[in-house]
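FYI, it's all coordinate maths here, none of it is from the lab. Since the model is a prediction, treat every value here as computed from it, not as a measurement. Positions of Cβ are generated from backbone atoms using ideal geometry, with glycine treated the same way; all protein chains shown enter the neighbour counts.
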Amino acid sequence: MIVILLGPPGAGKGTQAQKIQTAHGLVQLSTGDMLRAAVAAGTEVGKKAKDFMEAGKLVTDEIVVGIIADRIEEDDCKQGFLLDGFPRTAQQAEALDNMLNHKNLNLDAVIEMKVDDEALVDRITGRYTCANCNQGYHEVNLKPKVDGVCDNCGSTNFNRRADDNRETVSSRLESYHAQTAPLLPYYETKGVLKTIDGMADIDGVTSQINDVLGSLA
């Protein structure tokens, strides 16, 4: 089974990807991780990527798709894989499809985690973590049992990501929607687009994804 997970920053793609990997045996593939691994391994496509990176240029779509093509030949991908964060543009989607077709592979589902932007901004800007054990909290939805004290380790020191502010998050959401908008009709035409409520709680989102994947088995 081959699945793509689409969703804006903060929608919980990483959390859901881990759950999908565990429940369905699909290998989660991150283009960033694959790129670094290919460069370190000195593969042919990794050498091309390294040249671009050392020149301070963005790695081309052709190289990224080439790295994916190499990675999915490994044994752990034989039962299927999950792409999280790629493709981001219609051009990348077409290049990915061409590569899969060349390998006689079919994309089974593209799962869009649909969100309400304003609610997502509130979700992201309200989150913070314990500076000692990294336990996550939220100003409204998940406060410590004792105000100012971590439930897990008792620390009173907390951190908040510098980019978890309304202006930055709103900008990232605008960029995501601008890039992703052309992908939706592209995949809808192919009959593989499945849209779920990304604003549900974690278990609710997982349940929706399991329903989609279960219907494909």
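Some observations on this one:
- Qualifying residue in the stretch 178-197 (condition: touching a residue at least 12 places away in the same chain (Cβ under 8 Å), aliphatic (A, V, I, L, M), closer than 18 Å to ASN141 by Cα and touching an Asp or Glu at 6+ places or on another chain (Cβ under 7 Å)): no
- In the condition set (1) closer than 19 Å to TYR186 by Cβ; (2) free of Cβ contacts under 8 Å to residues at least 40 places away in the same chain; (3) not hydrophobic (A, V, I, L, M, F, W, C), ARG127 is compliant with all but (1).
- ASN98, sole failed condition from (1) closer than 16 Å to VAL192 by Cβ; (2) assigned to a helix (DSSP H, G or I); (3) under 17 Å from the mean Cα position of the chain (by Cα): (3)
- The numbered conditions (1) exposed (fewer than 13 other Cβ atoms within 10 Å of the Cβ); (2) closer than 16 Å to GLN92 by Cβ are all true for THR31 except (1).
- Residues of the stretch 174-197 that turn out to be in contact with a helix residue (DSSP H, G or I) (Cβ under 6 Å, 6 or more places away or on another chain) and within 17 Å of ALA11 (Cβ to Cβ), as a count: 4
- Complete set of residues in the stretch 125-172 that are closer than 15 Å to GLY10 by Cβ and more than 28 Å from the chain's Cα centre (by Cα): none
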